[in-house]
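> This is the structure, below, for whatever I ask next.
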Amino acid sequence: MLLLDLLLMLLIAYGFGFLYYGLYRNLSARVHGRFGPSLAQSFSDSIKLFVKEESTTFGWMFYLGPVIMASGAVLNVLFIPFLNQGESLQGLSSYGNLIVVLYLMVLGPLGNALGVGSSGNPFGVMGVTRGLTRLLALELPFYLAAIGVMIDAGSADFGIIMQAQSTQSNMFAHPLLFAAAFISFLGFMGKSPFDVVGAPQEVYSGPATEFSGKFLALLMSQSAMFSFAKLLLMVNLFWGGADHLGELVAKTFVLFVAATFIGSVYARFSTVQSVEFLIRIPTLLGIVGLALL
Amino acid sequence: MDEGFIPYQQSLEDEEQSIKSTQSVIEQAIAWFRAHSMFVLAYGTGCGAIEMPPTFTSRYDIERLGVVGVATPRQADILIVSGYCSPKTLKRVIRSYEQMSEPKYIIGLGSCTINGGMYWDSYNTIKKLDDFLPVDMYVNGCMPRPEALIEGFVKLQEKIRANSSEAGYIQYRTRYAHYRANQERLFGTQVQPRYEENFAGMNL
Amino acid sequence: MERKVITIYHGPQHPGITGNMSVELDLMGETITRARTHVGYLHRGFEKLIERRTIIQAFTIVCRICVPEPDPNEANFALAVERLAGIEVSERASYIRVMVLEMARLGAQLLWMAGQSGSVGLGTVGQWSIYDRDLILDLFEQLTGGRVYHMYIYPGGVRRELPDGFLERLSALLDYLQKRLDAYDRLFFDNASFQKRAIGVGVVRGEEVLRRGFSGQVLRGCGFARDLRRDNPYLLYDQLEFDIPTQSAGDVYARALVRRAEMRESIRILRQVIAQMPEEGAIMQKLPKHRKFTLPKEDTYVAVESARGEFGYYMAGDGSEMIRRMQVKGPSLIHAFSLLEPLLVGEELSNVALIMNSLGICPPEIER
Amino acid sequence: MMSYLEEHYELIHKTPRLFALHVTREQLLDTLHQITTHTSFDTLSQLTCTDWIEEERFELGYMLTNALRSHNLMLKCSIARDKVTMPSLALLFAQAEVMERELHEMFGIGFEGNETLYDFALEGWCDIPPMRREFDTLAYVNAHYDFREGREDNLDVKEEIKKRKAAAKSAKETPSGA
């Protein structure tokens, strides 16, 4: 039964991940004043990449990169409960808590660094360096916000955190913590102005520069699932989770649209600037938020 | 192949119905996905690159067809050789093409790729792109309008869906000696590593 | 500890490069310690081709020298031939030429805006501005039959009469663009994230810049109001009112602000042209027959202000129907070598595209 | 500033804002030095070269412009085609370096003192420098590139035009629609 549940969770994450990616392309196309591709376009892209006849590789470490990254995303999805009540779609959340999830979020990028490093492409390595530097700066405010939420609920367990918000969601109870988490969430989603990692005008595609065919498809799928997991995390921590699937979709959608629109009107910061910014403003917000608890 | 450009282009544009009917359902589905997701390498080789921004942005919005630009050759399916090619550029174009993973296609944009165009008597531009690389679709004009480029993409989609054995990348493998000889003749001593050395052992 | 220096090629196949050229960079971490510009990927030998073409044949290829803004080439070619052959152009034709040049300048600035915003990952601006540039290209198509290459400004005048209602449509487009420029101000020029990226980057400063042959926004961005339209007037620019915007900071943002003001000035010039253009008049002088159209054995130099700086032609005739020598000097030649190379040293890798775009480097005019 | 030039040199007025001046190869550096110190023509904006093959000389043009960018002065210097070296101006003007590099490649002119005379636009060129008059680009093209076969009616354009004219003429003589 649990296995079936897990499978369902993965399917939902996969499906909605790609749907949201399609929506992202569509919505930003509307901002640009055009129609954009169909919603299923990114799904077609990933299928096409899976059936490419050739995929360049640079030895076994190179295979491991996307695989570790994908397993990080899968575990992330499985450890975050989709709903705040009931038995189904709870995944492995009873075996782990917020701290495990926060740890797992770092696993993927670190694993990918191994794979990219073995390709020897300077742009890939540069992208990974940028990614890890940014990750350090992103984690600080996000962890502060997460700690605040945990202190408030008195537990690191998702169920208890969500239950604590049944009267008032954390977004209104602790707006400063939410602001800190939201800004670093933008960075986690790779949205402007924090999209230094794969900046095409600077380092080609960053870490993905040398990945082709199946590897790229794997990276695409994991990033779709991973971004759904991040949306889920934000909804659970600050919006009190969801009672049923419909509410979940609505809440993640609103969050996603906000991130998309913000991303399409800002210029990209350079690495140093984004680290500086993240360490200053959201971290300060987080500290003040913690102090006000 | 008949002589002259028009029959040659006709042969590129012909939809190969007979082959299509012999495909299995899975092959057809794969071909459909390939035709509806085309990643274009962002390499503006010549002045045709000036009509690519309008094609890719809000006025003509070619992303509707599933065409997007990507930054690196590894991720790309389609290489647009946009206009005249000097030997110095051609070397880089060949290099980029060989780094792309199969199946891959080339669109020759502009008259200069077809017969040298305006620069037919210039000492530093090639006159016939398909001597050096297998071109899957030519779009003529100087400049070709964005509509013409979109038409080229639509024709190329048909060709990809027909899944022909004469697709450029297959020809580049089977008739490599021919292309290589032409490249060597043009570049003289400054040739690059052979294609086999790039793809040896990389087939998964 | 000795830090490792790696050498990478930024281009020619790179999304952050302005056209088909490359910059060889020595990097220490992400900081550039040495930069070398490489060109030649677009060399077509125009100057050789023109030596073996008659004047009419040469006219058709000069516009292809610079792709984003071909019309200064046509104007230069026509001005040089007219000066050597002693042809006077009618007032109406001159007005039409000014109109074409300003439209082209506006289009080139919009295209620059797409590149500059793209270099900092603000793709939305590019999508909008290329659409707006396309509306200008539509007018060009009505006027000349070509979107990008117009082959319109011909020695002796211009090639075709204005289509019916053209000036009204142009006027309507200017109203539209005026409104759009406000939108660009909000989204791009006043955007705090763009300011954060652009201020203090790629600084050109000092009296010395005048001696080094720079032109265009590089000079105007560091406080020198140099514009050939005013300093060395050609066509009818001495009869039109316009300002030369300047900034004093000399960085990427200053050059962007100069361009922003220039777009408004172009619109102002175009409005004057619409108001002042004579209704009637010849647009073309009577020229000698194709094979009899010869240039005397003399030489001259003409220059116009393109959207990126001084665009000059040296032309020498030899008494035959061919042009003996025509040498093109675009602003990018100096900017891409003697300005870009030292400017990049000490900058971060992420600023390369930013700086290149702000200098408006256009490779086809460097190597022709 | 004009008065100084007119006093010391034989100035050719081409237009009200464009002047020319002939100098010999030996005088060049000295004249440039004098002009840049005594007049406001202190910027090198272009370096041109014209090949007068029938007179056995290259004519180099040093285009100077003033700080106001309002006037241009061209220093013209003829050198023999076989003895093709010039003193480099790289120390005087930083921008001269790349201009000389281009002329070196296109005409084969050496510039003494310029360290950067390596490939500019061409890569591994081993023919005659292409902008020299004796270099025949069409012959080079025929030797190095293949042309695509034209359409059948395009192979001999003159014949074809004649044919079409004759056809049009005969069509006129026998009015259609009868």
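> Quick one: in the range D:13-36, which of the residues that are under 18 Å from D:F58 (Cβ atoms) and part of a strand (DSSP E or B) is farthest from the other protein chains (Cβ to nearest Cβ)?
The residue in question is D:V23.
> Contact list please: Cβ distance under 8 Å, first residue in the range A:46-70 and on the phi > 0 side of the Ramachandran plot, second residue hydroxyl-bearing (S, T, Y), pairs at least six apart or on different chains.
Cβ pairs passing all conditions: A:G59/A:S118.
> C:L49 passes all but one of (1) free of Cβ contacts under 8 Å to residues at least 24 places away in the same chain; (2) more than 30 Å from D:T137 (Cβ to Cβ); which number fails?
Tallying (1) free of Cβ contacts under 8 Å to residues at least 24 places away in the same chain; (2) more than 30 Å from D:T137 (Cβ to Cβ), C:L49 fails exactly one: (2).
> Mind listing just one residue for me: the one in the range C:22-32 that is closer than 13 Å to C:L340 by Cα and not small (G, A, S) and, of those, nearest to the other protein chains (Cβ to nearest Cβ)?
C:L25
> Then there's this: Please go through the range A:27-60 and give me each residue that is assigned to a helix (DSSP H, G or I) and more than 14 Å from chain C (Cβ to nearest Cβ), ordered by number.
Scanning the range A:27-60 gives A:Q41, A:S42, A:F43, A:S44, A:D45, A:S46, A:I47, A:K48, A:L49, A:F50, A:W60.
> Let me ask another. Taking the criterion of being in a loop (DSSP other than H, G, I, E, B) and within 24 Å of the chain's Cα centre (by Cα), would at least one residue in the range C:20-36 satisfy it?
Yes; the residues of the range C:20-36 include at least one that is in a loop (DSSP other than H, G, I, E, B) and within 24 Å of the chain's Cα centre (by Cα).
> Shifting gears a bit: Considering only the range B:172-191, how many residues are surrounded by 19 or more Cβ atoms within 10 Å (Cβ to Cβ) and of a type outside the set (F, W, Y)?
Selection size over the range B:172-191: 1.
> May I pose another question? What pairs come up if the first residue lies in the range A:1-15 and is within 18 Å of A:M220 (Cβ to Cβ), the second is of a type in the set (S, T, Y) and at pLDDT 85 or above, and their beta carbons are under 8 Å apart, counting only those six or more places apart or on different chains?
Cβ pairs passing all conditions: A:Y14/A:S221.
> For A:P66, state whether it is away from chain C (no Cβ under 14 Å) and touching a strand residue (DSSP E or B) at 6+ places or on another chain (Cβ under 9 Å).
The answer is no for A:P66.
> Right, another one. Read through the list (1) under 19 Å from B:T57 (Cα atoms); (2) not in a helix (DSSP H, G or I), then give the number of the only condition that C:T124 fails.
(2)
> Give D:A96, D:A121 a once-over and let me know the one that is buried (at least 17 other Cβ atoms within 10 Å of the Cβ), at pLDDT below 85, within 16 Å of the chain's Cα centre (by Cα) and facing chain C (nearest Cβ under 10 Å).
Just a single option satisfies the conditions, and that option is D:A121.
> Which of the residues spanning the range B:29-48 are among the aliphatic types (A, V, I, L, M), at the interface with chain A (Cβ under 10 Å from one of its Cβ atoms) and not in a helix (DSSP H, G or I)?
B:M38, B:A42
> Determine which single condition C:I87 fails, assuming it passes every other condition in (1) assigned to a loop (DSSP other than H, G, I, E, B); (2) crowded, with 24+ Cβ neighbours inside 10 Å; (3) not aromatic (F, W, Y).
(2)
> Among (1) free of Cβ contacts under 8 Å to residues at least 60 places away in the same chain; (2) more than 23 Å from the chain's Cα centre (by Cα), where does A:I151 come up short?
Result: A:I151 passes all but (1).
> Can you name every residue in the range C:186-222 that is more than 14 Å from chain A (Cβ to nearest Cβ) and over 22 Å from C:A307 (Cα atoms)?
Within the range C:186-222, C:G206, C:E207, C:E208 qualify.
> Could you tell me which numbered condition C:Y131 fails, if it satisfies all but one of (1) in contact (Cβ under 8 Å) with a residue 12 or more places away in the chain; (2) buried (at least 21 other Cβ atoms within 10 Å of the Cβ); (3) on the phi < 0 side of the Ramachandran plot?
Of everything listed in (1) in contact (Cβ under 8 Å) with a residue 12 or more places away in the chain; (2) buried (at least 21 other Cβ atoms within 10 Å of the Cβ); (3) on the phi < 0 side of the Ramachandran plot, C:Y131 misses just condition (1).
> Still on this model: Could you list all residues from the range A:80-93 that are surrounded by fewer than 22 Cβ atoms within 10 Å (Cβ to Cβ) and at negative phi?
Once the filter is applied, which keeps residues that are surrounded by fewer than 22 Cβ atoms within 10 Å (Cβ to Cβ) and at negative phi, the range A:80-93 yields A:L83, A:Q85, A:E87, A:S88, A:Q90, A:L92, A:S93.
> Which condition does C:V204 not pass, out of (1) surrounded by 14 or more Cβ atoms within 10 Å (Cβ to Cβ); (2) part of a helix (DSSP H, G or I), if it passes all the others?
(2)
> When you check B:E51 against the structure, is it in a helix (DSSP H, G or I), crowded, with 23+ Cβ neighbours inside 10 Å and not small (G, A, S), yes or no?
yes
> Looking only at strands (runs of 3 or more DSSP E) that fall completely inside the range C:263-331, which ones have 2 or more residues that are within 30 Å of C:T246 (Cα to Cα) and of a type in the set (A, V, I, L, M)?
C:299-305
The values are calculated or read from the model by the stated rules, or taken from the named source; none is laboratory data. Everything numeric here is computed off the predicted structure, so don't read it as measured data. Every residue, glycine among them, receives a Cβ derived from its backbone with ideal geometry; neighbour counts consider all protein chains shown.
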